[in-house]
1. As an exercise, identify the GluC sites (Glu not before Pro) in the stretch 60-149 lying in DSSP coil whose Cβ has no more than 14 other Cβ atoms within 10 Å.
2. In the stretch 339-429, what trypsin sites (Lys or Arg not before Pro) fall in a loop by DSSP, with at most 12 other Cβ atoms inside 10 Å?
3. May I ask you to list the residues of the stretch 463-477 whose amide nitrogen lies under 16 Å from a point 7 Å from Cα along the Cα→beta-carbon direction of residue 490?
4. Please state, to two decimals, what the Cα-based radius of gyration of the stretch 418-493 comes to when divided by 2.2 N^0.38 Å (N = residues).
5. Take the Cβ-Cβ distance between residue 471 and residue 95 as r, set R0 to 56 Å, and report the resulting FRET efficiency rounded to the nearest 0.05.
6. Tally up the carbon and sulfur contribution to the accessible surface of the stretch 418-493 as a whole percent, 1.4 Å probe, everything protein left in place.
7. Across 10 Å bins from the origin, how do the percents of Cα pairs in the chain run, short distances first?
8. Using each residue's phi in the stretch 389-400, evaluate 6.51 cos²θ - 1.76 cosθ + 1.60 at θ = phi - 60° and report the 3J(HN,Hα) Karplus result to the nearest Hz, with x for Gly and Pro.
Amino acid sequence: MAASKEAEAVRGKFVVVGGGIAGVTCAEELAAQFPSDRVYLLTASPLIKATTNLKQVSRTLEAFDVEEQEGTALEGRYPNISVVQSAVRELRSQEQEVVTEDGARYRYNKLCLCAGAKAKIIAGGNPYVLGIRDTDSAREFQRHLSSARRVVIVGNGGIALELVYELEGCQAIWAIRDGAIGNTFFDAGAAQFLLPQLGADKPPAPLPCRRTKYTTEPPLGGGGGSVGSALGPDWHEGLNLKATGAFSHRVHIEAQCEVRRILLREEREGLNITALPFPGESDSAPSTDWPVYVQLTNGKTYGCDFIVSATGVVPNIEPFVTGNQFDVAEDGGLRVNDHMETSVRNIYAAGDICTASWEPSALWQQMRLWTQARQMGWYAGKCMAADFLQQPIEMDFCFELFAHVTKFFNYKVILLGKYNAQGLGSDHELLLRCTKGREYVKAVLRGGRMVGAVLIGDTDLEETFENLMLNQMDLSPYGERLLDPDVDIEDYFD
Ligand SMILES: Cc1cc2nc3c(=O)[nH]c(=O)nc-3n(C[C@H](O)[C@H](O)[C@H](O)COP(=O)(O)OP(=O)(O)OC[C@H]3O[C@@H](n4cnc5c(N)ncnc54)[C@H](O)[C@@H]3O)c2cc1C
Ligand SMILES: NC(=O)C1=CN([C@@H]2O[C@H](COP(=O)(O)OP(=O)(O)OC[C@H]3O[C@@H](n4cnc5c(N)ncnc54)[C@H](OP(=O)(O)O)[C@@H]3O)[C@@H](O)[C@H]2O)C=CC1
């Protein structure tokens, strides 16, 4: 496939950039719809991500396995897909062509950009600050952890939540901006419900749960240097997250603060800043014994072996925006309309790289998640096909209701609709049911109708709640009985 710069451009009706879940799903959809046309999938990563065993758990909740595979496995399933491992370094939208690192040019009728995102890292470039995004960065993290005694984790989203629970044998100082843990996924009540798990021993076997699974083959395989695809659910299962200590969790939370500055040992000594020991530990290492120190905005300073910046993602748009007039959203994503089209003609985008800029359904919001990457990639493929054939296409049903199933602190967690009352202001009421150590159920109601829910534990309520949200039934007559554990609410609404 390599070609010299002067060589003629390769022509493909459809070209997709990115071998993550969004790009692969998009290419598969196009290849299925146009079996006699070639679809080029250009990717920087040596392995691609494939969805297998897709199961519709309910109308909007889905579970699937994700496997890292060689590109040839995808070509085997879809003989009209050509996987090219070479990063795109330039987009010439006027000429409708992309140029890859190896100098080859690909002309397209329709192009879909699915280059994902990269970790947004505080103090980027500091060798003591690590982000976790792909196989290589996870390995680097594991290497640092193997000899670590203490790590500072910054951020309060998905990665931080997983790390504080999974890390063993290492003290963790967890610095969060919010007052409660996990604010991107749930509220302070749910945080209170989950917190005791951080002090408890981990169960020997993980909780079974119907949700997305992630496998790498060979184990955390890949190859160095390039922009890899994002890790996903269970990414840590193939990794040894044990450090040197003979204990499981040892987490101290510093809430409502940020990192003010990061100091090397000598810098701290020069400034004569006192570092604190690990709270509640008598046998803590001397406070002068660390290679790096983190000063927080609450005035406290802690020494550590390294810092994990689990502070969100930035869409990977650089090679595409140079010289092209894309409409870029505030979060750095390429804006897409309800056909997944960017502002540049014949260019679509899907997954973490894009920002949904259509008027969303009242119960849906974008989050950079695996499920949404799959749904967007698939829908982008459908839209590209429909636009090419000049056929109409309707917004897919999966964008009606936000639905995410995951696992935190060994509990199944299901988020539906406006689960955190996002954008509702004070115009909502909450119904809560909580049994310590077993389940946490929160329903968000507006005008007597359910608009969101958080379900933690094996509540078995997801389908009923999903239906109540989709049909917007007036629930005012039921009042608090809606969550009465002695009432089987499925009987009410069947
Ligand atoms: C540690 C971690 C844990 C996660 N856990 C979960 C979870 O439990 N549940 C969940 O729903 N989501 C989770 N996510 C989020 C999820 O992994 C992402 O939202 C999803 O994988 C995004 O898919 P994507 O295809 O848009 O991007 P990516 O998977 O990032 O793929 C982008 C692809 O584009 C390629 N690329 C980049 N630049 C170029 C270029 N210039 N030219 C060619 N190719 C290029 C890359 O090599 C890659 O193949 C997690 C993410 C991380 C980092
Ligand atoms: N189980 C799951 O579903 C998982 C999903 N993921 C996904 O992977 C991606 C990456 O995860 P992650 O990095 O955790 O990102 P998230 O977007 O989940 O969370 C980012 C966190 O970082 C905080 N933050 C941002 N900037 C700073 C800063 N300068 N100082 C301190 N805190 C800051 C944010 O706080 P604030 O809210 O105050 O801005 C937020 O708590 C996300 O798309 C996430 O959804 C990852 C792991 C598990």
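The values are calculated or read from the model by the stated rules, or taken from the named source; none is laboratory data. None of the values given here were measured: they were computed from a predicted structure. Backbone-built Cβ (ideal geometry, glycine too); neighbour counts: all protein chains shown. For accessibility, only protein heavy atoms count, side chains too; no ligands or nucleic acids. Shrake-Rupley method; radii C 1.70, N 1.55, O 1.52, S 1.80 Å.
1. Here the sparse-neighbourhood loop sites are 95.
2. Counting only loop positions with at most 12 other Cβ atoms within 10 Å, the trypsin sites (Lys or Arg not before Pro) in the stretch 339-429 are 345.
3. The answer is 463-468.
4. The reported ratio for this selection is 1.03.
5. Step by step, r from the Cβ atoms, then E = 0.70.
6. 42
7. Whole-percent P(r) values from 0 Å outward: 4, 18, 27, 25, 18, 8, 1, 0.
8. My calculation for the stretch 389-400 gives 8, 6, 10, x, 8, 9, 4, 6, 4, 5, 8, 6 Hz in order.
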